[in-house]
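Engineer: Have a look at this one before I ask anything.
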Amino acid sequence: MKKVLSIIVPCYNSEDYLEKCINSLVAIRDDVEIILVDDGSKDKTPELIDQFAQKYPEQIIPIHQANAGHGGALNKGFSIASGEYIKVVDSDDWVDYGAYLEIVTFLKHLIQKKQSVDLLISNYVYDKVGAKHKKVVHFPHLPKNKFFGWDDVKLYLGQYLMMHSLIYRREVITNRAHLQLPTHVSYDDNIYVFEPLRHVRKMYYLDVNFYHYFIGREDQSVNESVMLKKIDQQLLINKRMIKFYAEHIDPNTSLGKYMKFYLEIITAVSSIILIRGKKSEYIEKKDELWQYIKIKNPKLYHSLKRRPLGICMNLPTRLGNKIASGFYIVAHLVYGFN
């Protein structure tokens, strides 16, 4: 029988976190398949995956492959997923059982009624190391208890449709977007979010705190020092998004306005990490990124530069860079994003 939901878990050297992740996912059995992709791990991750697959043979699909990065692991998962819907869960994160049950029940009900959504949205929790109060990202301005389209989408600063909040219909990923993520590159989750949006027409928002995003570890890709070391990978992703927007998206549509909103924050993140790197080579990379936008889409360039984030990221002189860095520090305190 076809599963309601395929959950793809890219796993690389995840032995310290994987058990908590999988235990949260196997809490619901019959309607969910879990694809565990061991991406060339060098620790005990492969053995853990096989142990869970033996314990839950009807639910868990174990995959072992040579290292291809997060995107390569997801590509493999996309190719074998059979569920009506797809969810990506990173191996150091986990899900809330009550919200999980509500989501699967909702999707199952849709299928039984021969209905569907292209995108199901739910809340996520910044489960930060050492933080007493966990920040929940929710979407109070989205319609509730109804289907809606892009004309109804209202999101504000700090409210982004990140990977943690999305469940795509599998057809959107595989048959419409034909999504293939870059391999051996970090930050590919932004492509996973961004490119399929072009093929999303019908959405639904469940106001439940489903996904727990575990952050605050020094080795994470979103850690500021790690991001600076991997800045060329971040820029590669950022530029692919700019190119995609320039070639495929009508900026005058409601979809185009949201995708510009998302592209704005990704470009701001790239810019501020480079600014805080302080070296002249980093400032040159920041300027080159903005020049790339200007070449690919002059209207997008002028629009982004006139918006508050764009103004802040392009202030002249060292004082301007200090102001931009101060903005980042304040935003970090408010949102706690890494």
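The values are calculated or read from the model by the stated rules, or taken from the named source; none is laboratory data. Treat the numbers as computed from the prediction; the structure is a model and nothing was measured. Note that each Cβ is placed from the backbone with ideal geometry, even for glycine, and that neighbours are counted across all protein chains shown. Each accessible area value is taken on the protein alone, full model and side chains, heavy atoms only, with ligands, DNA and RNA left out. Shrake-Rupley method; radii C 1.70, N 1.55, O 1.52, S 1.80 Å.
Engineer: Looking at Y213, L235, I167, which one has the Cα that reaches farthest to the positive end of the dipole of the chain (charges on Cβ: Lys, Arg +1; Asp, Glu -1)?
Structural biologist: L235
Engineer: For the chain, what ratio Rg/Rh do Cα atoms give with a Kirkwood hydrodynamic radius? Walk me through the numbers on the way to the answer.
Structural biologist: Details: Rg = 19.9 Å, Rh = 20.8 Å.
The Rg/Rh ratio comes out at 0.96.
Engineer: Also, I was wondering about something else. What number of lysine-lysine pairs in region 1-109 show an alpha-carbon separation below 23 angstrom, given a sequence spacing of 8 or more or placement on distinct chains?
Structural biologist: The number of close lysine pairs in region 1-109 is 22.
Engineer: Here's something else I'd like to know. Compute the angle between helix 280-296 and the longest alpha-carbon principal axis of the chain, please, reported from 0 to 90 degrees and rounded to the nearest 10.
Structural biologist: Once rounded, the angle reads 80 degrees.
Engineer: For the chain, find the longest principal axis of its Cα atoms and tell me its angle to the long axis of helix 231-248, 0 to 90°, nearest 10.
Structural biologist: It is inclined by approximately 90 degrees.
Engineer: Percent relative contact order of region 1-99, based on C-alpha pairs within less than 8 angstrom and at least six residues apart?
Structural biologist: Details: 190 pairs, mean separation 44.3, N = 99.
Value for region 1-99: 45 percent.
Engineer: With a 1.4 Å probe and all protein chains kept in place, how do K260, K87 rank by accessible area, largest first?
Structural biologist: Output order, biggest surface exposure first: K260, K87.
Engineer: Continuing with this model, one more query. Leaving out ligands and nucleic acids, and using a 1.4 Å probe, what accessible area per residue does region 29-163 come to in Å²? Walk me through the numbers on the way to the answer.
Structural biologist: On the way: 6140 Å² over 135 residues.
Computed with neighbouring chains in place, this is 46 Å² per residue.
Engineer: Can you classify region 169-217 as rounded, prolate or oblate using the Cα gyration tensor, where a ≥ b ≥ c are the square roots of its eigenvalues, rounded means a/c under 1.5, and otherwise it's prolate if a/b beats b/c and oblate if not?
Structural biologist: Working: a/c = 2.80, a/b = 1.09, b/c = 2.55.
Oblate.
Engineer: Using a Gaussian network model of the chain with C-alpha springs under 10 Å, which one of N238, N123, N252 is most mobile by mean-square fluctuation?
Structural biologist: It is N252.
Engineer: Looking at the chain, send over the antiparallel percent of its DSSP beta bridges, to the nearest 5. Walk me through the numbers on the way to the answer.
Structural biologist: On the way: 11 of 37 bridges.
For the chain, the DSSP antiparallel bridge percentage is about 30.
Engineer: Please state the relative contact order of the chain as a whole percent: Cα pairs under 8 Å, 6+ residues apart? All intermediate terms of the calculation are to be shown ahead of the outcome.
Structural biologist: Values: 560 pairs, mean separation 55.1, N = 338.
With pairs under 8 Å counted, the relative contact order is 16 percent.
Engineer: Using only the alpha carbons, work out the radius of gyration and Dmax of region 53-179 in angstrom.
Structural biologist: For region 53-179, the Cα radius of gyration and maximum Cα-Cα distance read 16.3, 47 Å.
Engineer: Oh, and also: How high is the relative contact order of region 79-142, given as a whole-number percent (alpha carbon pairs under 8 Å, six or more residues apart)?
Structural biologist: On the way: 21 pairs, mean separation 10.9, N = 64.
Contact order relative to length: 17 percent.
Engineer: What nm distance separates the two modelled labels at E58 and T105, each placed 7 Å from Cα along Cα→Cβ?
Structural biologist: 2.1 nm
Engineer: Quick check: with the 1.4 Å probe, what order do K279, K144 take by accessible area, largest first? Could the numbers behind the result be given before it?
Structural biologist: Numbers: K279 115, K144 95 Å².
The ranking, largest first, comes out as K279, K144.
Engineer: Taking all protein chains as present, what is the carbon and sulfur share of the accessible area of the chain, in % to the nearest whole number, probe 1.4 Å? Present the calculation step by step, with values, prior to reporting the outcome.
Structural biologist: Values: 8030 of 15500 Å².
Ligands and nucleic acids excluded, carbon and sulfur give 52 percent.
Engineer: I've got another one for you. So, with +1 on the Cβ of K and R and -1 on the Cβ of D and E, and no other charges, what is the size of the charge dipole of the chain about its Cα centre, to the nearest 20 debye? Could the numbers behind the result be given before it?
Structural biologist: Numbers: 46 positive and 38 negative charges, 314 e Å.
Around 1500 debye, computed over the chain.
Engineer: With a probe of 1.4 Å, find how much accessible area region 231-316 has per residue, and write the answer as a whole number in Å².
Structural biologist: Details: 4090 Å² over 86 residues.
With all protein chains present, region 231-316 gives 48 Å² per residue.
Engineer: With each run of n ≥ 4 DSSP H residues scored as -39500 (n - 2.57), what mean residue ellipticity at 222 nm is computed for the chain after dividing by its residue count and rounding to the nearest 500 deg cm²/dmol? Present the calculation step by step, with values, prior to reporting the outcome.
Structural biologist: Details: 12 runs with 152 residues, N = 338.
Taken over the chain, the calculation gives -14000 deg cm²/dmol.
Engineer: Hey, in the GNM for the chain with a 10 angstrom Cα cutoff, which one of Y56, Y124, Y160 fluctuates hardest?
Structural biologist: Y56
Engineer: When only the heavy atoms of the protein chains count and the probe is 1.4 Å, how do E84, E171, E281 rank by accessible area, highest first?
Structural biologist: Details: E84 40, E171 65, E281 95 Å².
From most exposed to least exposed: E281, E171, E84.
Engineer: Lysines within cross-link reach of K286: Cα-Cα under 27 Å, excluding same-chain residues under 8 positions apart?
Structural biologist: Those lysines meeting the cut-off are K229, K230, K239, K243, K257, K260, K278, K294, K296, K299, K305, K322.
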